[in-house]
Each structure stands twice: as C-alpha cells, then as structure tokens.
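The values are calculated or read from the model by the stated rules, or taken from the named source; none is laboratory data. None of the values given here were measured: they were computed from a predicted structure. As a convention, Cβ positions derive from the backbone with ideal geometry for all residues, glycine included, and neighbour counts pool all protein chains shown.
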Amino acid sequence: AQSVAQPEDQVNVAEGNPLTVKCTYSVSGNPYLFWYVQYPNRGLQFLLKYITGDNLVKGSYGFEAEFNKSQTSFHLKKPSALVSDSALYFCAVRDERNNAGNMLTFGGGTRLMVKP
Amino acid sequence: DSGVTQTPKHLITATGQRVTLRCSPRSGDLSVYWYQQSLDQGLQFLIQYYNGEERAKGNILERFSAQQFPDLHSELNLSSLELGDSALYFCASSVAGGDYNSPLHFGNGTRLTVT
C-alpha cells in the first residue's frame with residue numbers, strides 16, 4: 001500500500017523568507033512523488049514531480065523539492081515566499097509496484113499562509 | 001487552465017436523490033480519475049477509467065458509479081444521496097497510456113451540497 005503524510009496542517013511564513021512544506025511517504029517499491037497546489041474554488045495544479053535522477057527537483061513558480069530516500073521524505077521548498085503563494089499544498093505518491101492504474105494517493109494537505 | 005472541464009460547478013439536492021457529474025478530459029488524455037474532497041476525509045480516490053475501461057477502484061461507495069464513454073468524457077453517478085456525500089468532486093485526466101509518471105490534470109470540481 002502507498003501512503004503520504006503531511007505533518008503540518010498549516011505553515012506560516014513571512015514574505016521574503018524561505019518556506020518548507022513537509023511530506024513523508026510510504027511505498028513498497030520506488031516512489032513517484034508529486035506536489036500540487038490548490039487555490040480557493042479551484043482544482044489542484046501540478047507543481048513538480050520526482051521520478052528518478054537528481055534528488056533536487058525544480059518546478060513551477062520557483063518551487064523546488066528535495067527527495068530523501070533514507071528519510072522517505074519529499075519536502076517542498078522555496079527560497080523566498082510571496083503572499084501569492086498562500087494556498088493549500090498537497091503531496092502525492094504512486095508506488096512503482098502499483099499496477100492498478102495510475103492513481104495517486106494524496107496527503108491531507110498543508111495550508112501555507114504567507115504574511116506581508 | 002488545465003483543459004479538464006467539469007459540469008456543473010455547483011449542485012444542491014435533497015437526501016435520497018440521484019445526480020450525475022460530468023467530466024471532459026484534456027484533449028489527448030485517455031485516463032479519467034474521480035476524487036472526492038471533504039473536510040474530514042481529505043482527497044479520496046474513487047475510481048479510474050482508461051480508454052473506456054475501469055482501471056482502478058478506490059473508496060467508492062456502492063451507491064456511486066461511473067463510466068467513460070467512447071468520446072472519453074466521463075460521468076459520475078451518485079444515488080440515494082446522504083448528507084455525508086456533500087463534498088467537492090474532482091475529475092482529473094492523464095495520458096496514462098503506459099506512462100505512469102505523467103501528472104494528473106484536475107478540473108475545478110463540482111461542489112455537491114445535499115440538504
């Protein structure tokens with residue numbers, strides 16, 4: 001079975017400061033990892049993914065994520081937060097051994113609040 | 001704009017009723033996924049169709065059913081509705097023609113309110 005945990009319901013950061021949104025996962029095989037962002041009354045938007053290769057993945061809007069296999073983590077980061085980054089962020093995983101389609105398992109979401 | 005279209009945007013109905021939610025995937029995408037988002041359960045995978053065939057099933061109730069048509073649009077049917085079915089229902093699509101690494105692209109959802 002595949003699962004994802006986002007340990008923080010909310011992260012508060014001041015504009016211009018670096019931000020980190022945490023994610024840990026559990027799979028039996030190799031993980032395919034994704035980050036999505038959800039703005040109010042909108043669907044989820046894809047930010048970035050890790051499949052293989054370099055542990056630091058760069059995505060949209062200046063976001064990046066670091067894959068750490070030993071800690072089974074995939075934390076989302078940004079060097080300098082913007083007020084417009086305030087939104088709900090979801091981490092998702094797919095186990096490479098999951099042959100039942102391409103379905104993703106999502107974490108519970110972390111609300112990011114960036115204050116001016 | 002993700003290219004995934006969901007209708008209607010909002011739906012208000014009474015307990016015991018039946019509703020149909022509709023989804024048109026991105027052009028070229030063969031897979032359609034349905035997710036339910038509620039405050040207490042988070043994002044729950046319901047079901048996936050690939051090129052008209054059911055591919056994977058998640059936490060979908062027996063009162064719910066879905067299908068994907070030859071033109072690849074999909075419908076999610078919810079029947080004998082209960083108050084607890086009130087949620088945001090998302091459709092997503094992906095190429096998923098063997099590429100299991102492709103991200104899902106989500107529509108803006110249908111907000112269902114059962115009164």
Specify which of the listed residues (B:108, B:77, B:59) is surrounded by fewer than 21 Cβ atoms within 10 Å (Cβ to Cβ), over 16 Å from residue B:13 (Cβ atoms) and touching a residue at least 40 places away in the same chain (Cβ under 8 Å). B:108
Exactly one condition in (1) modelled with pLDDT of 95 or more; (2) among the hydroxyl-bearing types (Ser, Thr, Tyr); (3) touching a helix residue (DSSP H, G or I) at 6+ places or on another chain (Cβ under 9 Å) is false for residue A:36; which is it? (3)
Restricting attention to the stretch A:1-11, which residues are in contact with a Lys or Arg (Cβ under 7 Å, 6 or more places away or on another chain) and part of a strand (DSSP E or B)? A:10
Can you find a residue in the stretch B:11-25 that is under 14 Å from the mean Cα position of the chain (by Cα), outside any strand (DSSP E or B) and surrounded by 13 or more Cβ atoms within 10 Å (Cβ to Cβ)? yes
Scan the strands (runs of 3 or more DSSP E) fully inside the stretch A:43-116 and keep the ones with 3 or more residues being touching a residue at least 40 places away in the same chain (Cβ under 8 Å). A:73-78, A:87-95, A:110-115
Output the residues belonging to the stretch B:65-74 that are assigned to a loop (DSSP other than H, G, I, E, B) and surrounded by 15 or more Cβ atoms within 10 Å (Cβ to Cβ). B:72, B:73
Of the residues A:76, A:82, A:33, A:56, which is of a type in the set (A, V, I, L, M, F, W, C), more than 10 Å from chain B (Cβ to nearest Cβ) and either more than 13 Å from the chain's Cα centre (by Cα) or under 20 Å from residue B:34 (Cβ atoms) (or both)? A:82
Looking at the stretch B:50-62, can you tell me whether even one residue there is within 14 Å of chain A (Cβ to nearest Cβ), within 13 Å of the chain's Cα centre (by Cα), modelled with pLDDT of 95 or more and not in a strand (DSSP E or B)? no
Output the residues belonging to the stretch A:17-33 that are out of contact with any helix residue (DSSP H, G or I) (no Cβ under 9 Å at 6 or more places or on another chain) and not in a loop (DSSP other than H, G, I, E, B). A:20, A:21, A:24, A:25, A:26, A:31, A:32, A:33
